[in-house]
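The values are calculated or read from the model by the stated rules, or taken from the named source; none is laboratory data. The model shown is predicted, which means the values in this text are computed figures rather than measured ones. Virtual Cβ from ideal backbone geometry, glycine too; neighbours counted across all protein chains shown. Protein only, heavy atoms only, side chains kept; ligands, DNA and RNA dropped before computing areas. Shrake-Rupley method; radii C 1.70, N 1.55, O 1.52, S 1.80 Å.
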Amino acid sequence: MSHHRSGARGASGWRGGSATRFARQFLRSAKYVTFCLALVGAIRPCAAAELAVSVVEASGRALGDVVVTIAPASGAAVLPTSGPRSAVMDQRHRAFVPRVLAIATGASVEFPNNDDVNHQVYSFSPAKRFQLPLYKGAHHPPVSFDQQGLVVLGCNIHDEMVGYIYVTDAPWFGTTGPDGTLRITAPPAGDYRISIWSPLIADPPSALTRIVHVDAAEGATSRVQLTRALRARPEPRPRRGDWEY
Ligand SMILES: [Cu+2]
C-alpha cells in the first residue's frame, strides 16, 4: 500500500510542470484510489483480538502496578512469548521505579541510580540473591534473573526503599496501568488461568485467580474486584537482617 501513496506524492510534484488534462485526471483518480486504500486500511479489522484484565479495589478504585500472569488453564506447556529480554528498574527520589516489575525468566535488568545519593541495592530472595555495592548512575552491569519467583529489592542505606521483580515462566504477563488494566493481544482461543499479584493486595491467593475463555474474534475481558482493603505498607519486606558484615 505504501507504494501507492508514494506514487501519488511523486505525481503531485510533477503536476506543477506541463500537466495535461489527462495527467490531472490520472492524478485525481490516483488520489481517490489512495484515499480508498487508506479508508479500507482504517476499517479493516486488522487489529487482533484483545485480552483485557482489570483490577479494582474493594472501594471500586482502579489498582495499578498489579502483576497479571496468563497461562493455559489445561496446564499445557507453551513456548514463552517473545517478550523483552531486558528491563530497567530505575531509582528516583529514593524509590524503585517502577515499584513492581514483571519479567520473563531469563531476562536481565539494569538498575540505574538517578538520585544524587548513593544506593546499595540488594535482594535476599531465594529466586535471586545479589547486591550492587554502593553506587550512583549506571555503574553496574545488568543482573540476570534465571529462576521464577518473587525478588524483593531493598537498599542498604534507605530502609524505606522497597521494590519487587516478579520473575515468571508464564507465556503472557504484564502489569496493570494507572487505569487498573492490562491489555495484551489475545492469546489463541481457549481457556486461560489468569492470576494477579501485588505487594498491596491482602486478599488470599485463592481469590486472585480466574479462568477466562478467550474467543478468537472477541478476545476476552476479566475484572477482579478485591474484597479486602489494601495493605498500608507493601509486603513482603526486604530481609535486611540477612546482611553479613
Ligand atoms: Cu538507597
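A compact table of results
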{"read-out": "Residue within the stretch 53-63 that is surrounded by 14 or more Cβ atoms within 10 Å (Cβ to Cβ), under 17 Å from the mean Cα position of the chain (by Cα), at pLDDT 50 or above and assigned to a loop (DSSP other than H, G, I, E, B) present", "value": "yes"}
{"read-out": "Residue 157 vs. criteria in contact with a strand residue (DSSP E or B) (Cβ under 7 Å, 6 or more places away or on another chain), over 23 Å from residue 58 (Cα atoms) and in contact (Cβ under 8 Å) with a residue 40 or more places away in the chain", "value": "yes"}
{"read-out": "Single condition residue 129 does not satisfy, out of (1) out of contact with any Leu (no Cβ under 9 Å at 6 or more places or on another chain); (2) within 13 Å of residue 238 (Cβ to Cβ); (3) within 16 Å of the ligand (Cβ to nearest atom); (4) of a type outside the set (Val, Ile, Thr)", "value": "(3)"}
{"read-out": "Pairs where the first residue, in the stretch 107-129, is over 15 Å from residue 87 (Cβ atoms) and the second is β-branched (Val, Ile, Thr) and near the ligand (Cβ under 8 Å from one of its atoms), C-beta under 9 Å, 6+ apart", "value": "113/121; 117/157; 118/157; 119/157; 120/157"}
{"read-out": "From the options 222, 198, residue that is within 29 Å of residue 132 (Cβ to Cβ), of a type in the set (Ser, Thr, Tyr) and in contact (Cβ under 8 Å) with a residue 24 or more places away in the chain", "value": "198"}
{"read-out": "Lone unmet requirement of (1) surrounded by fewer than 16 Cβ atoms within 10 Å (Cβ to Cβ); (2) more than 19 Å from residue 197 (Cα to Cα) for residue 147", "value": "(2)"}
{"read-out": "Check on residue 163, of a type in the set (Gly, Ala, Ser), within 19 Å of residue 100 (Cβ to Cβ) and in a strand (DSSP E or B)", "value": "yes"}
{"read-out": "Condition broken by residue 44, with the remaining ones in (1) among the basic types (Lys, Arg); (2) at pLDDT below 95; (3) surrounded by 11 or more Cβ atoms within 10 Å (Cβ to Cβ) satisfied", "value": "(3)"}
{"read-out": "Residues of the stretch 77-91 satisfying the condition of being free of Cβ contacts under 8 Å to residues at least 24 places away in the same chain and in contact with a strand residue (DSSP E or B) (Cβ under 9 Å, 6 or more places away or on another chain)", "value": "84, 85, 87"}
{"read-out": "Residue ranges of strands (runs of 3 or more DSSP E) in the stretch 68-119 with at least 1 members open to solvent by less than 60 Å² (accessible area, probe 1.4 Å) and among the aliphatic types (A, V, I, L, M)", "value": "86-88, 95-97, 100-104, 108-110"}
{"read-out": "Residues that are over 18 Å from residue 106 (Cα atoms), part of a strand (DSSP E or B) and open to solvent by 20 Å² or more (accessible area, probe 1.4 Å), drawn from the stretch 132-144", "value": "133, 134, 137"}
{"read-out": "Options 137, 180; residue that is more than 16 Å from the ligand (Cβ to nearest atom) and on the phi > 0 side of the Ramachandran plot", "value": "180"}
{"read-out": "Members of the stretch 73-127 found to be at pLDDT 95 or above and assigned by TED's automatic domain parsing to the domain that holds residue 209, listed by number", "value": "73"}
